[in-house]
Amino acid sequence: WTLYDGRSILRAGDADVTLAPASAETRAAVPVPAARRERCVLCCTFRRGEQILSRNSLLLTEQREHSFERPVLRARLTREGAGCRLELTAGCFVKSLCVDAAEGDIRLSDNFFDLEPNMPYTIAVYPASPGALDGLKGKLIFRSVNDVACGAEAEGTAVSWEGSDHE
């Protein structure tokens, strides 16, 4: 787990946990400065060995009270087999990032996911129709809760493309 204050890590830790199905337990208490709650997010990754079972995030206030930042994504698109690998990173927490294509049908290995600050996240992009990957960088559209909260839903999330080998 990692507790973020906007862009920086306040606290982090890990624990070995075994839970019975459909159960809930308190495993740790994480103190949070009251003055920063509207900027804080707790991100947890549940693993079995190296396999990621689940990723979750928790805002420490109501979503409407959270102090979202307008993100700028750093993106890298690389060809991989019949599809592409899309690696995304943001300098701030991004809530419910949606990836879509303006033209052509694509299939994604994940969508509507959260990005932790400065932690790369990779998804696979596959064509669902012929030519869907042609000029893909120019077709991709990114939107998030952050955009809506910052009044920028019409513009969507800004993207800076890095070293991509697939246009």
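Per-structure values
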{"item": "Some residue of segment 127-140 being among the acidic types (D, E) and over 30 Å from E62 (Cα atoms)", "result": "yes"}
{"item": "Conditions (1) surrounded by 13 or more Cβ atoms within 10 Å (Cβ to Cβ); (2) more than 26 Å from K137 (Cβ to Cβ); (3) in contact (Cβ under 8 Å) with a residue 40 or more places away in the chain; number of the one not met by R70", "result": "(2)"}
{"item": "Any hit, segment 37-52, residues being in contact (Cβ under 8 Å) with a residue 12 or more places away in the chain, under 30 Å from S129 (Cα atoms) and in contact with an Asp or Glu (Cβ under 8 Å, 6 or more places away or on another chain)", "result": "no"}
{"item": "E87 being modelled with pLDDT under 90, open to solvent by 40 Å² or more (accessible area, probe 1.4 Å) and either more than 30 Å from S129 (Cβ to Cβ) or under 19 Å from the mean Cα position of the chain (by Cα) (or both)", "result": "no"}
{"item": "Strands (runs of 3 or more DSSP E) (entirely within segment 56-167) containing at least 3 residues that are closer than 23 Å to R36 by Cα", "result": "94-101"}
{"item": "Unmet requirement for R55, which otherwise passes all of (1) over 16 Å from W161 (Cβ atoms); (2) exposed (fewer than 13 other Cβ atoms within 10 Å of the Cβ); (3) within 12 Å of the chain's Cα centre (by Cα); (4) not β-branched (V, I, T)", "result": "(2)"}
{"item": "Residue tally, condition among the basic types (K, R) and open to solvent by 100 Å² or more (accessible area, probe 1.4 Å), over segment 1-36", "result": "2"}
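The values are calculated or read from the model by the stated rules, or taken from the named source; none is laboratory data. Since this is a predicted model, take the numbers as computed values, not measurements. Here Cβ is always computed from backbone atoms with ideal geometry, including for glycine, and neighbour counts include all displayed protein chains. Quick note on the areas: whole protein, heavy atoms, side chains included, nothing else; ligands and nucleic acids left out. Shrake-Rupley method; radii C 1.70, N 1.55, O 1.52, S 1.80 Å.
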